[in-house]
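The values are calculated or read from the model by the stated rules, or taken from the named source; none is laboratory data. If you're wondering where the values come from, they're calculated on a predicted model, not measured in any experiment. Cβ placement follows ideal geometry from the backbone for every residue including glycine, while neighbour counts extend to all protein chains displayed.
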Amino acid sequence: MQNNELKSSNYKSSDTCSSELSDTSPSNTNINRATLYIVATPIGNLEDITFRAVRILSQVKLIAAEDTRHTAKLLSHYQITTPLISCHEHNEESRIDTLIGKLSQGLDVALVSDAGTPLISDPGYRVVKGILDAGFDVLPIPGPCAAIAGLSVSGLPTDSFIFAGFPNRKQGKRISELETLNDAIKEKKSTIIFYESPHRIVRLIEDILLVMGNRPAMVAREITKHYEEYLRGMLSHILEILKSRPTIKGECALFVGWGSTSGSGAITVASSVADEISVDGLDHSSSELKQDLLQSSYDEFDSILLNALESSKVKISALAKTLSRQYNLPRQDIYSRILKLQQKP
Ligand code: SAM
């Protein structure tokens with residue numbers, strides 16, 4: 001690449017060096033050319049937004065948002081009054097000129113998506129490319145991203161990972177995508193990250209099992225939200241749990257590690273729902289036992305269920321409800337598991 005092809009960004013003094021104190025007054029921005037800021041917003045919990053993101057969203061002259069009504073709620077929460085225009089996959093191209101118009105007047109603008117980091121399985125690529133091609137600065141305001149948040153708690157290797165985004169909805173194409181992915185990660189044994197709708201997560205896991213075999217994995221559901229849940233274990237066990245549910249709700253991301261079927265098969269289920277309801281008639285309330293459950297293998301979990309079954313005289317549905325409250329686990333999972341255990345000879 002020749003020197004004259006290199007493009008550098010002029011960083012504004014108010015936005016440099018996050019570890020140093022800087023003058024963040026509005027007058028100290030706009031000392032260089034105008035900038036498009038790509039601003040990450042919460043993926044669930046409204047508190048997951050940086051001070052800088054709030055300041056930038058307050059200071060820019062226009063915010064291009066995937067869904068203006070959605071972003072209006074966030075802005076209102078932070079008392080930000082900056083005007084919004086829509087910028088989604090169907091009008092993205094036509095918004096480039098509007099944004100260039102503002103930037104040409106020396107006015108900063110921002111781009112946000114409904115949740116998380118714009119452009120990550122979200123609109124914005126064409127805007128960023130168009131604005132860069134027009135010679136303006138584009139700077140990130142980093143923050144939440146479901147892929148990275150989930151990966152960081154997956155317990156799977158993080159030294160090399162591939163973001164696969166949403167798999168193809170057609171099974172034939174999805175299978176060949178998975179085959180290509182499998183070949184691509186062989187060398188580095190990378191962890192794979194998928195985004196998937198809750199309605200298709202079971203089918204995706206079935207296809208991965210078909211193409212890649214059983215692997216250690218995690219399904220993260222509703223990250224940072226009230227009912228967040230992390231299912232960790234071998235794909236086959238996660239599949240079993242998901243299939244036992246009448247419905248799967250909420251946003252899901254799937255993380256698939258490397259390894260063979262010979263893994264321990266240990267599964268852990270965690271939820272952020274507060275365990276505030278006391279349980280009558282069952283002596284399983286100790287925190288040690290709860291900890292045991294979270295760390296136990298499937299067999300140990302089964303023996304906890306069997307013990308509870310033996311020592312309680314209530315109906316299975318009531319027992320499942322009680323244990324679900326007790327251990328913060330989905331009632332339906334416990335119910336199905338007890339039924340399966342009862343069917344065993
Ligand atoms: N730009 C976003 C990001 O930075 O993560 C992703 C947007 S993409 C349209 C939405 C998908 O991201 C969802 O279908 C789900 O797969 C994943 N996702 C977003 N928020 C999530 C959350 N709170 N928990 C789990 N997955 C989430």
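Taking the numbered list (1) within 10 Å of the ligand (Cβ to nearest atom); (2) touching a residue at least 40 places away in the same chain (Cβ under 8 Å); (3) not basic (Lys, Arg); (4) not in a strand (DSSP E or B) in turn, Ile131 passes all entries but (1).
Summed over region 190-239, residues that are of a type in the set (Val, Ile, Thr), in contact with a strand residue (DSSP E or B) (Cβ under 9 Å, 6 or more places away or on another chain) and farther than 10 Å from Phe255 by Cα total 5.
Of the numbered criteria (1) away from the ligand (no atom under 12 Å from the Cβ); (2) buried (at least 16 other Cβ atoms within 10 Å of the Cβ), the one Leu151 fails is (1).
How many residues does region 172-203 contain that are small (Gly, Ala, Ser) and in a loop (DSSP other than H, G, I, E, B)? Of the residues in region 172-203, 2 are small (Gly, Ala, Ser) and in a loop (DSSP other than H, G, I, E, B).
Scanning region 201-241 for residues that are over 15 Å from Leu156 (Cα atoms), without any contact (Cβ under 8 Å) to a residue 40 or more places away in the chain and within 10 Å of the ligand (Cβ to nearest atom) gives a single hit, Arg221. Of all the numbered requirements in (1) at positive phi; (2) of a type in the set (A, V, I, L, M); (3) in a strand (DSSP E or B), Leu119 misses one, and that requirement is (3). Restricting attention to region 110-128 and to residues that are more than 15 Å from Gly143 (Cα to Cα) and more than 10 Å from the ligand (Cβ to nearest atom), the residue that is surrounded by the fewest Cβ atoms within 10 Å (Cβ to Cβ) turns out to be Tyr125.
From the list Asp122, Asp159, pick out the single residue that is free of Cβ contacts under 8 Å to residues at least 12 places away in the same chain and under 21 Å from the mean Cα position of the chain (by Cα). Spell out the reasoning first.
Values: Asp122 fails: free of Cβ contacts under 8 Å to residues at least 12 places away in the same chain.
Going through Asp122, Asp159 in turn, the sole match is Asp159.
When region 222-238 is limited to residues that are hydroxyl-bearing (Ser, Thr, Tyr) and closer than 18 Å to Ala149 by Cβ, the one that is surrounded by the fewest Cβ atoms within 10 Å (Cβ to Cβ) turns out to be Tyr227. Quick one: is Pro167 assigned by TED's automatic domain parsing to the domain that holds Glu251, more than 11 Å from the ligand (Cβ to nearest atom) and either surrounded by 14 or more Cβ atoms within 10 Å (Cβ to Cβ) or of a type in the set (D, E, K, R) (or both)? The answer is no for Pro167. Within region 46-61, at least one residue is within 25 Å of Gly165 (Cβ to Cβ) and touching a Phe, Trp or Tyr at 6+ places or on another chain (Cβ under 8 Å). Among the residues of region 227-253, just one is touching a helix residue (DSSP H, G or I) at 6+ places or on another chain (Cβ under 9 Å) and of a type in the set (Phe, Trp, Tyr), namely Tyr230.
Of all the listed residues (Thr180, Thr224), the sole one being closer than 26 Å to Ile43 by Cα and either out of contact with any His (no Cβ under 6 Å at 6 or more places or on another chain) or at pLDDT 95 or above (or both) is Thr224.
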